[in-house]
Amino acid sequence: MSLKVYRGRTLARSQALQLLFQAEATDSPLERVLEGDFLISKGPLDPYALELCRGAYEHIDRIDCALRAIAKNWDLMRMPGADRNLLRIAVYEMRFLTDDEVSDAIVINEAVELAKAYGTDQSASFVNGVLGKIARSEELPGEELYQELLAEDRAREEAQAAEAAAKVAAAQAAAGDGERVVGVHAVVARRGVAMPEGSVRNFDEISDRLDQIIATVRSKDTSLERSLDLFDEAIELGSRAVDMVDKFELTPREANKLEQEYDEDAANESQDRQAASPDTNG
């Protein structure tokens, strides 16, 4: 390996390449790699290396769209890993990083040196060709492809959020189980029976927690990942409530009293609806 990759900012670019490569190879978020026992050929880790790998990782979707637009005859994910991540870092440095002291020519020359050190026999010429096209473009290519990707992501997130909301609503309905759960809980209260131990101990707490979950899921500030976690919790709560109802045995007297309460409530609702209806005979 050329000693050039062990000097100055070339070393920083080399370190950034190694870190980004490790994140992709292990299918791990970059920050998890940085928090763990990452490997670099020569240390200590340069602050500029951190800036490059974090920046390239943050803008990876947009950068990949640019690379796909330029290297049309190449499947991005079938490129050698070193070439792909080296191009990502170089494009970030050329088009996203604000540093007047670093020209496109310098970035390209540095990337070619790293391609010779880490890539295949064809890597240097390939990297030089792709980055040359990027440098000659007034605007970063691939914007239309990127907007299509964003639209697909939004549609997928909206569909998942809708599914989450539907499952939360279903869980709430299961937990409520109409008036039966409310009635059973009233009987439990009259008996003074303690509910099973846990973070949510009774039907009221389940209902309150489900209301909190629904409000959180509907908030625009709630991430998709958080929404999915919440509807999993909601499903569990709904199942727990149904189990409570199914396992709870009413005495004949309590069942009869509960049935009478249902009938009274239904009669009252019917009277209320009739009173609210306009008189069509007048």
Legend entry - Evaluation of ILE63 against (1) in contact with a Leu (Cβ under 9 Å, 6 or more places away or on another chain); (2) farther than 21 Å from GLN147 by Cβ; (3) without any contact (Cβ under 8 Å) to a residue 40 or more places away in the chain; (4) not hydroxyl-bearing (Ser, Thr, Tyr) (one fails), failing number: (2)
Legend entry - Any chance GLY8 is surrounded by fewer than 17 Cβ atoms within 10 Å (Cβ to Cβ), over 19 Å from VAL102 (Cβ atoms) and either at pLDDT 95 or above or not aliphatic (A, V, I, L, M) (or both): no
Inset, instruction - Search segment 87-109 for residues that are under 15 Å from GLU139 (Cα atoms) and pair each with any residue that is outside any helix (DSSP H, G or I) when their beta-carbon atoms are under 7 Å apart and the residues are at least 6 apart or on different chains. - result: TYR92/HIS59; GLU93/VAL102; ARG95/LEU140; PHE96/HIS59
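Give segment 28-47 a look and list any residue that's of a type in the set (Lys, Arg) and modelled with pLDDT under 90, or say none.
Residue satisfying the conditions is LYS42 alone.
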Legend entry - Hey, LEU34 farther than 22 Å from ILE108 by Cβ and surrounded by 12 or more Cβ atoms within 10 Å (Cβ to Cβ) or not: yes
Legend entry - Every pair of residues 6+ apart whose Cβ atoms lie under 6 Å, when the first sits in segment 27-51 and is touching a residue at least 12 places away in the same chain (Cβ under 8 Å) while the second is surrounded by fewer than 16 Cβ atoms within 10 Å (Cβ to Cβ): LYS42/TYR6
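The values are calculated or read from the model by the stated rules, or taken from the named source; none is laboratory data. What you are looking at is a predicted structure, and each value in this text was computed from that prediction instead of being measured. Cβ sites come from the backbone with ideal geometry, for glycine too, and all protein chains shown count toward neighbours.
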